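The values are calculated or read from the model by the stated rules, or taken from the named source; none is laboratory data. What you see is a predicted model; the values in this text were computed from it and never measured. All Cβ positions, glycine included, derive from the backbone under ideal geometry; neighbour counts span all protein chains shown. Protein only, heavy atoms only, side chains kept; ligands, DNA and RNA dropped before computing areas. Shrake-Rupley method; radii C 1.70, N 1.55, O 1.52, S 1.80 Å.
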Amino acid sequence: MRKRLLKAEVVIRTEAPLSISMPVAERQRANDWGNFPVMGVGQNDEGEIIRTGYLPASTVRGALRRFAVLPDMEAAAQAGKHYTLPEAYMALVGQDADSEKQPDEIDLVTIQKEREDNPVIDLFGSGLGVKSRLIVSNFVPEHPVLPEPFTNVRKDLEDTEHVLDDLKQEDRGLYLSRNVANRKRAQARAVLERLERDMRRRKSKGEDVTDMPEQIAAANELVEKYEADMGGMGVSTRAIFTFFALPMGLELKGRFVVRGYRDRDLPILLQALDGLSRFPVLGAQSARGCGQVSGQARIEVDERLEQVVFFGGFSPSVQRHVTENA
């Protein structure tokens, strides 16, 4: 018997800049876009790689899973049947005690029962034993777009009028001395980062860098000295920082595919999309105006268009049922 297939063509629109902050792998360094995910999408006429920013499948998939699980967790809690910690890990993260088992230790009968008893785990998978039937693609703009820098300023006490006048004299003096140390620390940090960039550049060109470690060590000592001078408050509240984001108004296209589709899979996806619609925020820097999205999903089952779902706006999703094949 041929396995059934669900396919959803999905468009996610950025209603605000979209900032994705990926961790830096061990022994690696952040890319030129603050480690925003960037990938090659071809070559130009000169043979140079064309790159674009994108929304990773892991970010979208993680959001879908959370929104699929959270209503059930809340309902269970209200009924006095709270999830245990292992159950929460298994449902939300896909991690369970069997995750590290070797293939020959996995009980296939237990896995099949687990699939039948838990529709979310059946769809999203868990550990090495329960393989996911849901495939989520990366979401990519139609034309290459690189993340752009956004700079923010976080203010300190003296930026608010008369605040220092209202402090105790000894605290005012402590603040002012710390502020001087912080400015010097920031200057030393800028020198250190410039030297580190210069060393990487020279190494990549095969140039001599024997003089660089000593300069970097000296700059690092200055940073540590001024950080010590700042006392217990080692991080200033005033800071100028930059993050990278894709611009608002961008359409990112991707796809969901469910292999071995079961009738109970669609309600789970609809619940997940509804959750995303009610809180349509992805990625980082949401407190600074980033991450709001909207979109639509055209859902086909066995090549028959079933529904078009519109999501976003901090409101319930809108489902348009389709009665004719399209």
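For segment 50-74, what are the residues that are within 19 Å of Glu87 (Cβ to Cβ), open to solvent by 10 Å² or more (accessible area, probe 1.4 Å) and among the small types (Gly, Ala, Ser)?
Gly62
Based on what the data block shows, is Ser19 open to solvent by 40 Å² or more (accessible area, probe 1.4 Å) and either closer than 30 Å to Leu250 by Cα or touching a His at 6+ places or on another chain (Cβ under 8 Å) (or both)?
no
Pairs only if they're at least six apart or on different chains, beta carbon under 6 angstrom, first in segment 1-14 and within 17 Å of Leu134 (Cα to Cα), second hydroxyl-bearing (Ser, Thr, Tyr) and surrounded by 15 or more Cβ atoms within 10 Å (Cβ to Cβ); list them, first residue then second.
Close Cβ pairs (under 6 Å, with a partner that is hydroxyl-bearing (Ser, Thr, Tyr) and surrounded by 15 or more Cβ atoms within 10 Å (Cβ to Cβ)) amount to Arg4/Tyr261; Leu5/Tyr261; Leu6/Tyr261.
Within the set of pairs 6 or more residues apart or between chains, which connect a residue that is aromatic (Phe, Trp, Tyr) inside segment 125-145 to a residue that is outside any loop (DSSP other than H, G, I, E, B) and surrounded by 20 or more Cβ atoms within 10 Å (Cβ to Cβ) with Cβ atoms less than 7 Å apart?
Phe139/Ile12; Phe139/Leu55; Phe139/Val60; Phe139/Leu252; Phe139/Gly254
Does Ala181 satisfy the criteria of being buried (at least 17 other Cβ atoms within 10 Å of the Cβ) and either closer than 25 Å to Val153 by Cβ or within 32 Å of the chain's Cα centre (by Cα) (or both)?
yes
Scan Val136, Val153, Val191 and give me the residue that is of a type in the set (Val, Ile, Thr), in contact with a strand residue (DSSP E or B) (Cβ under 8 Å, 6 or more places away or on another chain), surrounded by 12 or more Cβ atoms within 10 Å (Cβ to Cβ) and on the phi < 0 side of the Ramachandran plot.
Criteria check complete, one pass: Val136.
Can you tell me how many residues within segment 77-96 are in a loop (DSSP other than H, G, I, E, B) and within 25 Å of Ser58 (Cβ to Cβ)?
Residues that pass the stated criteria total 4.
Report whether or not Asp171 is open to solvent by less than 100 Å² (accessible area, probe 1.4 Å) and acidic (Asp, Glu).
yes
With open to solvent by less than 30 Å² (accessible area, probe 1.4 Å), modelled with pLDDT under 95, assigned to a strand (DSSP E or B) and touching a strand residue (DSSP E or B) at 6+ places or on another chain (Cβ under 7 Å) as the only criterion, which of Phe256, Phe243, Phe311 stands out?
Result of the check over Phe256, Phe243, Phe311: Phe243.
If a residue must be buried (at least 19 other Cβ atoms within 10 Å of the Cβ) and under 16 Å from Lys253 (Cβ atoms), how many such residues does segment 274-300 contain?
6
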